[in-house]
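The values are calculated or read from the model by the stated rules, or taken from the named source; none is laboratory data. All figures in this text were calculated on a predicted structure; none of them were measured in a lab. All Cβ positions, even for glycine, are placed from backbone atoms using ideal geometry, and neighbour counts span all protein chains on display.
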Amino acid sequence: MAKRQASLLEISRGAVYYQQRPTSEADLALMRRIDELHLEHPFMGARMMRRQLQRQSIHVGRRHLSTLMELMGIQALCPQPGTSKRHPQHKIYPYLLARWRYAGPTRSGRWTRPTFRCRGRPSFAKCSIDYTILQSWTRCPLYLIQATRGVAES
């Protein structure tokens with residue numbers, strides 16, 4: 001009989017025979033306390049609520065607490081995953097170096113200058129710039145590109 005009913009409803013036979021266990025008194029008391037805490041502090045998630053309950057000498061695991069919160073339909077009021085997704089109306093700026101090809105190390109300009117003092121002596125740091133990258137940027141001033149060419153060729 002149950003086999004035919006399960007096939008007609010298109011559910012598994014195990015779901016027909018399953019009888020849910022009643023919620024224990026300890027869980028009901030804990031759920032009442034969770035509800036009170038959630039009304040006072042709606043931003044508290046399972047981890048923070050667990051710490052708060054431990055301070056009140058109610059020891060419960062985080063996973064059991066999150067299961068009870070899910071059963072009650074309680075969620076923390078805080079940013080959820082996916083908040084960094086872009087808005088459809090926001091403009092997408094093009095990547096300026098997408099069509100640029102690296103020509104090799106011969107086109108890079110290097111110069112060294114003292115940057116700071118260490119133990120009374122000037123310390124040097126190398127700065128390297130590739131003028132082909134500068135050419136591909138649309139807002140780079142022409143005098144800066146010409147200034148790097150002279151350094152790169154020497």
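With the requirement that a residue be among the polar types (S, T, N, Q) and either closer than 26 Å to MET72 by Cβ or modelled with pLDDT of 90 or more (or both), what does the range 11-30 give you? Lay out the reasoning, then the answer.
Pass one, the range 11-30, residues among the polar types (S, T, N, Q): 12, 19-20, 23-24.
Across the range 11-30, the qualifying residues are GLN19, GLN20, THR23, SER24.
So which residues in the range 66-98 are more than 27 Å from HIS38 (Cβ to Cβ) and touching a helix residue (DSSP H, G or I) at 6+ places or on another chain (Cβ under 9 Å)?
Passing the criteria: LEU96, LEU97.
Return only the number of the condition from (1) part of a loop (DSSP other than H, G, I, E, B); (2) of a type outside the set (Ser, Thr, Tyr); (3) surrounded by 12 or more Cβ atoms within 10 Å (Cβ to Cβ) that MET69 does not satisfy.
Failing condition for MET69: (1).
For the range 41-59, which positions are part of a helix (DSSP H, G or I) and either more than 28 Å from the chain's Cα centre (by Cα) or crowded, with 17+ Cβ neighbours inside 10 Å (or both)? Don't jump to the end; show me each part of the working.
First pass over the range 41-59, keeping only residues part of a helix (DSSP H, G or I): 46-55.
Once the filter is applied, which keeps residues that are part of a helix (DSSP H, G or I) and either more than 28 Å from the chain's Cα centre (by Cα) or crowded, with 17+ Cβ neighbours inside 10 Å (or both), the range 41-59 yields ALA46, MET49, ARG50, LEU53, GLN54, ARG55.
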